[in-house]
Amino acid sequence: MLEFIYAFLLALFETITPMNKNCHPEDFGFKITKPITQYLKNNLILNNNLALINSLLQVGLIFYIIIQFIFSNTILLYKSLILLTYRQICGFITKMPIPNDFKELESKQDIPSKNHNFFFHYSGHTFILVLVGLDMITKYNKDKTTLIIIFSTLYILQTLRLLATRGHYSIDISNGTVLAYLVHYSNFL
């Protein structure tokens, strides 16, 4: 009975969710981070410093993946490459519009530079953070709680920054998270 109610509610939600017919992207994450966006527009030095911190975090995560590869954990690198390849294919076959207010918060401190590639349908920043976090949590069992707190905090901060600076849509962050979990827990490699 519960399954029927759940299926009914899903079908109902599918039919009553309105289509956005204007030319501007509509995103719930953009709406809830509007105060952060405005604050960062008024404090561009802080925005650039946050971009630098986020870029350094990404470099650190990629360095971790490379070190793991060197010390015989090839699976983490392969999983990352599979997700990056899929992301590139998605970005190649469908181009998404860039929000109008993005240009105000563009930072030269971001890696990769956003003037070359923008929306790839899921966040590389997110899936790398989640994939490395899951890998570390799985490997280092005695520090599991500490690692969960650290990676959850980094995930929340990165998500807020990506949404506030219009670095990704909410769906990109959700997809990056789900795909990282699916690939991490899959046994195809």
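Nothing in this text is a laboratory measurement; each read-out follows from the coordinates by a stated rule. All values reported here derive from a predicted model rather than from experimental measurement. No Cβ is skipped: glycine too gets one built from the backbone with ideal geometry, and neighbour counts run over all protein chains shown.
Less than 14 Å Cβ to Cβ from PHE151, Lys/Arg counted +1 and Asp/Glu -1: what total charge do the surrounding residues give? Cβ neighbours under 14 Å give a net charge of 0. Comparing the range 149-189 with the 2.2 N^0.38 Å rule of thumb, its C-alpha radius of gyration ratio is 1.33 (two decimals). With neighbour counts taken as other beta-carbon atoms within 10 Å, the residues SER72, SER170 rank, fewest first, as SER72, SER170.
Taking label positions 7 Å along the Cα-Cβ direction at both ILE171 and ASN49, the computed distance is 3.6 nm, reported to one decimal.
The order of LYS31, LYS41, going from fewest to most other C-beta atoms within 10 Å of their C-beta, is LYS31, LYS41.
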